[in-house]
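Enquirer: Structure in structure tokens, see below.
Nothing in this text is a laboratory measurement; each read-out follows from the coordinates by a stated rule. Computed from a predicted model, the values in this text were never measured in an experiment. Neighbour counts are summed over all protein chains in view; Cβ atoms, including those assigned to glycine, are modelled from backbone coordinates with ideal geometry.
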């Protein structure tokens, strides 16, 4: 079942590439680990698209696998990666900017 796709501030600012959609999902769920199948299902992404970009995400150190569940390897966001830390900082700045715009709108009212 395909889930309703929400448009995060990160995706609005940087685009909806498959790589960013995967990273955005993992950033929103950084306390959990997922199988590749779960990520594909959560994003409503085709397997072909997912596997086309997954190797790059893995090789950049954006994800890490810490455990297996049976034969299935589980992955989570690698919050120790400098690249991931930079993306999280960008997301934080986008949130602060959006909050500031909302605050200014409220003040004008």
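Enquirer: Modelling each spin label as a point 7 Å along the Cα-to-Cβ direction, I'd like the residue 58/residue 92 distance in nm, to one decimal.
Expert: Roughly 3.0 nm, to one decimal.
Enquirer: What nm distance separates the two modelled labels at residue 68 and residue 80, each placed 7 Å from Cα along Cα→Cβ?
Expert: 2.1
Enquirer: Ranking 67, 21 by Cβ neighbours within 10 Å, fewest first, what do you get?
Expert: 67, 21
Enquirer: Using a 10 Å cut-off around each Cβ, can you sort 41, 82 from fewest to most neighbouring Cβ atoms?
Expert: 82, 41
Enquirer: Now a separate question. For the chain, what is the Kirkwood estimate of the hydrodynamic radius, computed as the reciprocal of the mean inverse distance between distinct Cα atoms, to one decimal in Å?
Expert: For the chain, inverting the mean 1/r across all distinct Cα pairs yields 15.1 Å.
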